[in-house]
Amino acid sequence: MQETDGIRPNLPATAALDAMDRKILGVLVEDASVSYAELGSRVGLSAPAAHERVKRLKRSGVVQKIAALIEPNAVGKGLLAFVHVDTSGWGKTPALMAIADYPEVEEVHSVAGDACMLLKVRAENTHALEGVLARLYDTPGVLATRSYVVLSTYLERPPQPGITESWPMANAAKAIAAGQ
């Protein structure tokens with residue numbers, strides 16, 4: 001079992017990142033294959049300065065790895081589903097966590113709410129999704145699953161370096177704040 005803290009290390013992140021680091025991360029999130037010369041040009045640094053910044057971001061664990069994003073249909077995984085898993089007790093047993101060995105399972109999260117775990121699954125078709133579900137039901141402690149098959153995806157992206165400074169207030173909150 002791997003804790004979330006092991007996946008995303010606790011960093012003094014927000015204080016350690018300056019505006020230039022966030023610009024660099026923004027470019028790398030869009031295209032991590034850019035040269036240091038191009039990266040520097042896009043953020044206003046020399047190539048060596050951009051290289052040093054990226055090396056520091058890697059050393060500190062902010063940039064964990066550089067990976068290719070694969071078009072799911074190109075590898076025969078056109079079906080995306082989110083699966084809620086209900087378990088008896090805490091449920092994060094080695095037998096259940098072994099579901100991560102299947103390449104169709106992209107993410108495994110321990111969650112609060114009406115389920116114990118949330119899985120992100122990409123499969124070839126509903127038959128393959130059914131195979132993942134059958135594997136789950138063969139696992140001791142799994143009580144139920146609820147699957148949500150995605151019809152359309154409007155936004156899917158990795159973590160973004162930006163932070164929203166001010167959230168808009170809902171109309172009811174604005175009226176209360178205005179004393180109405």
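What follows draws every value from the coordinates through simple rules; no lab data is involved. What you are looking at is a predicted structure, and each value in this text was computed from that prediction instead of being measured. Ideal geometry is used to build each Cβ from the backbone, glycine not excepted, and the neighbour counts take in all protein chains shown.
Brief remarks on what is shown
- Put the Cα centre of the range 110-180 next to the Cα centre of the range 28-48 and the gap is 33 Å.
- Kirkwood-based Rg to Rh ratio, the range 72-149, C-alpha trace: 0.95
- Dipole moment magnitude, nearest 20 debye, the range 80-180 about Cα centre, only Lys, Arg, Asp, Glu C-beta charged: 320 debye
- Dividing the summed helix terms, -39500 (n - 2.57) for each DSSP H run of n ≥ 4, by the number of residues in the chain produces a 222 nm estimate of -9500 deg cm²/dmol to the nearest 500.
- Candidates ALA74, ALA100, ALA47: whichever shows maximal mean-square fluctuation once the chain is modelled as a Gaussian network with Cα springs under 10 Å: ALA74
- Kirkwood hydrodynamic radius of the chain, from the reciprocal of the average inverse Cα-Cα distance over all distinct pairs: 19.8 Å.
- GNM remark for the chain: springs join alpha carbons under 10 Å apart, and the peak mean-square fluctuation among ALA49, ALA112, ALA95 falls on ALA112.
- Here the dipole of the chain is about 560 debye; that uses its Cα centre as origin and unit charges on the Cβ of Lys and Arg (positive) and Asp and Glu (negative).
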